[in-house]
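To keep things clear, I will list the structure first and then write my remarks on it.
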Amino acid sequence: MMVSSQKRRVRRRRLVQLSVLLALIIAGNGPFAASWASEQYAEWQSNQPDYMRTRGHWDIVADNGTRSIHAALLRTGKVLLMAGSGNDQANFDAGNFTTALWDPVANTFTDVYTPWDVFCAGHAFLPNGNLLIAGGTKKYEILAADSPDGKKHEYQGLKDSYIFNPDTERYEKTADLVHARWYPTLVTLADGTVVSVSGLDENGDIDQGNTELFSPATRTWQDSHYLKKIFPTYPSLLLAADGRLFFSGANAGYGPAEVADRQPGLWNLADNSFQPVNGLPEPEINETAGTILLAPAQDQKVMFIAGGGVGDTQAASARTAIVDLSAPEPAYVSGPNLTLAKRYPGAVVLPDDTVLVSGGSSGYRAKDSLTAEIYHPDTNSFTPAADPHVGRDYHSEYLLLPDGRVAVFGSNPLSDDNFFETRVEVYSPPYLYKGERPVVSEAPTEITRGAAITVKSSQPASKVRLIRPGAYTHVTDTEQRSVALPITQQTGGSVTLEVPENPNLLPSDWYMLFVTNDEGVPSVATWVHVG
């Protein structure tokens, strides 16, 4: 009995000593302990069913090892991740240019032979779903401190032009651009012609308004001598329903810095006229901002999101603004602010017409914002989304996948070792936690504008959308749009739909067809071709 009592006293003494030791550790590491506890709670909370039903969920699914500068969703469902030299002088000097093809279903990556430095090119989808890529890097910049003449020398552009064929999974050479371009924008018109504007030329100078047109039939570029318009680099251009190109004012940096030279407006390609669109709040900080055509595209409402000051300033904005392009005198009106001011916001339109706005940073390639929110066009308001795990700023990309999730790639914050984020993170929106999804068992592969089509769905349809796959780089995606297919009748699982006639609204291409039920839950997309 004495031995047992003595053992109990020893145990109590050791417990007291351990408790004191733990208290001292916590007292000396209070902030760390509190942070650790907060992180553990946030992780637990993010996996609760009620939380996911309202905010969705993020998952890091892979590390592709690729410095993706450009990302495009192909009609095969695979994602093309283009790096070229990947903002790495050593890769450029060695001629080490890379592209990876990600299969989201198998979660596998395949290397693709890359014959030129696609780093900072422009791209747009052709009517057959192939991806046109033009421009790239001829020479890296030389900073003033490293230059023999003490002056900074800018990046220099290329005339190279290629088509990526999703069937062969190879690049195919086309005729060269007329003008070398680095940081250009490409956008496809209703007839399939691709317009190329802006960029730095082969000498590192801003393009002086040279516009050229690509013909898919001949695979050649032609200089358009009557179309002259100087834009800052990577101008955000969207094809409007009346055939004009809308410049939102968002851009990626190089070029004229004055507010007047970055004026938003509608550019008429028939006569080269430009109708200014006024009203953008904080017009002096529209660099590295996001632009998205809100759903449905028939409403012709465009949202301008966040942005920063010219160059490497630290200025950032939380503002959004919305313009109705169908108005006789379109003008921006203020929208709801984001939770935080940020540059490089990622924005993706979802099948239920909401918009995911995620990532970005509060400074120039620094101070990443691990926040996300969802914009609701019906109430003109934001609600919180789950916070991403990975920071994303410069050189990041966002794409809607056919299964309704959003995949995020890249990020290149400033650091001494030129760090580049290669992990792939995928966001599952709240609608994926709200019940059984509709299943589309039958849909036409080919769709004609102005016709009626029928699809078969396992659940009644509340809305049906055709969403064009994205091709994203430098906060710019000229392709992304969600077009409503009005429902005219549905009985016994068959849904009859009207296809819009306007090719400016619905350009020829492959689209993802989503059927969404009255709970806002979408089907997995069915690929259809509009021609």
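The values are calculated or read from the model by the stated rules, or taken from the named source; none is laboratory data. This is a predicted model, so every value here is computed, not measured. Virtual Cβ from ideal backbone geometry, glycine too; neighbours counted across all protein chains shown. Surface areas here come from the heavy atoms of the whole protein model, side chains and all, with no ligands, DNA or RNA. Shrake-Rupley method; radii C 1.70, N 1.55, O 1.52, S 1.80 Å.
Note on region 482-500: among residues that are assigned to a loop (DSSP other than H, G, I, E, B) and without any contact (Cβ under 8 Å) to a residue 24 or more places away in the chain, the one that is surrounded by the fewest Cβ atoms within 10 Å (Cβ to Cβ) is Gly492.
The residue that is surrounded by the fewest Cβ atoms within 10 Å (Cβ to Cβ), among those in region 407-435 that are among the polar types (S, T, N, Q) and on the phi < 0 side of the Ramachandran plot, is Ser415.
Considering each of Gly360, Gly391, Gly346 in turn, give the residue that is at pLDDT 95 or above, open to solvent by less than 30 Å² (accessible area, probe 1.4 Å) and over 28 Å from Pro49 (Cβ atoms). Of the residues listed, the single one that is at pLDDT 95 or above, open to solvent by less than 30 Å² (accessible area, probe 1.4 Å) and over 28 Å from Pro49 (Cβ atoms) is Gly360. Pick from Ile487, Ile453: which is aliphatic (A, V, I, L, M) and over 30 Å from Ala124 (Cβ atoms)? Going through Ile487, Ile453 in turn, just one is aliphatic (A, V, I, L, M) and over 30 Å from Ala124 (Cβ atoms): Ile487.
Meeting the requirement of 1 or more residues that are hydroxyl-bearing (Ser, Thr, Tyr), open to solvent by 60 Å² or more (accessible area, probe 1.4 Å) and farther than 29 Å from Ala347 by Cα, the strands (runs of 3 or more DSSP E) wholly within region 438-481 are 440-442, 452-457.
Out of the residues in region 301-327 that are assigned to a loop (DSSP other than H, G, I, E, B) and at pLDDT 95 or above, state the one that is nearest to Asn380 (Cα to Cα). Top of the filtered list is Arg319.
Beta carbons closer than 8 Å, at least 6 apart along the sequence or on distinct chains, pair a first residue in region 79-96 that is within 22 Å of Glu397 (Cα to Cα) and of a type in the set (Ser, Thr, Tyr) with a second that is open to solvent by less than 10 Å² (accessible area, probe 1.4 Å) and part of a strand (DSSP E or B) for Ser85/Thr137. The set of residues in region 207-224 being outside any strand (DSSP E or B) and buried (at least 21 other Cβ atoms within 10 Å of the Cβ) consists of Asp207 alone. Residue-level check: of (1) under 30 Å from Gly308 (Cβ atoms); (2) in a strand (DSSP E or B), Trp510 misses just (1).
For the residues Asp111, Asp117, Asp103, the requirement of being within 19 Å of the chain's Cα centre (by Cα), at pLDDT 95 or above and among the acidic types (Asp, Glu) singles out Asp103. Within region 505-528, being within 20 Å of Leu126 (Cβ to Cβ) and open to solvent by 30 Å² or more (accessible area, probe 1.4 Å) holds for Trp510, Trp527. Cβ-Cβ distances below 8 Å connect the following pairs, each with a first residue in region 201-220 that is closer than 22 Å to Thr174 by Cα, a second residue that is open to solvent by 50 Å² or more (accessible area, probe 1.4 Å) and assigned to a loop (DSSP other than H, G, I, E, B), and a separation of six or more residues or different chains: Glu202/Lys159; Asp207/Ile230; Asn210/Val178; Glu212/Val178; Pro216/Asn128.
Inspect all residues belonging to region 250-273 and state whether any of them is touching a residue at least 12 places away in the same chain (Cβ under 8 Å), of a type in the set (Phe, Trp, Tyr), buried (at least 24 other Cβ atoms within 10 Å of the Cβ) and closer than 19 Å to Pro232 by Cα. Among the residues of region 250-273, not one is touching a residue at least 12 places away in the same chain (Cβ under 8 Å), of a type in the set (Phe, Trp, Tyr), buried (at least 24 other Cβ atoms within 10 Å of the Cβ) and closer than 19 Å to Pro232 by Cα, which makes the answer no.
The condition of being open to solvent by less than 10 Å² (accessible area, probe 1.4 Å), within 28 Å of Phe92 (Cβ to Cβ) and touching a helix residue (DSSP H, G or I) at 6+ places or on another chain (Cβ under 9 Å) holds for only one of Thr185, Thr137, that being Thr137. Out of Ala341, Ala315, Ala331, Ala327, one residue alone is more than 22 Å from His70 (Cα to Cα), surrounded by fewer than 23 Cβ atoms within 10 Å (Cβ to Cβ) and without any contact (Cβ under 8 Å) to a residue 24 or more places away in the chain. It is Ala327.
Would you mind stating whether Ala144 is without any contact (Cβ under 8 Å) to a residue 24 or more places away in the chain, surrounded by fewer than 19 Cβ atoms within 10 Å (Cβ to Cβ) and either under 21 Å from Arg75 (Cα atoms) or not basic (Lys, Arg) (or both)? So Ala144 passes the test. Taking (1) within 21 Å of Val475 (Cβ to Cβ); (2) part of a loop (DSSP other than H, G, I, E, B) in turn, Ala241 satisfies each apart from (1).
The single residue among Gly192, Gly204 that is among the small types (Gly, Ala, Ser), in contact with an Asp or Glu (Cβ under 6 Å, 6 or more places away or on another chain) and part of a loop (DSSP other than H, G, I, E, B) turns out to be Gly204. Report yes if some residue within region 289-300 is within 23 Å of Gly209 (Cβ to Cβ), open to solvent by less than 10 Å² (accessible area, probe 1.4 Å) and modelled with pLDDT of 95 or more; otherwise report no. Within region 289-300 (the criterion being within 23 Å of Gly209 (Cβ to Cβ), open to solvent by less than 10 Å² (accessible area, probe 1.4 Å) and modelled with pLDDT of 95 or more), the answer is yes, since at least one residue qualifies.
For Arg365, the conditions (1) without any contact (Cβ under 8 Å) to a residue 60 or more places away in the chain; (2) open to solvent by 40 Å² or more (accessible area, probe 1.4 Å); (3) of a type in the set (D, E, K, R) are fulfilled apart from (2).
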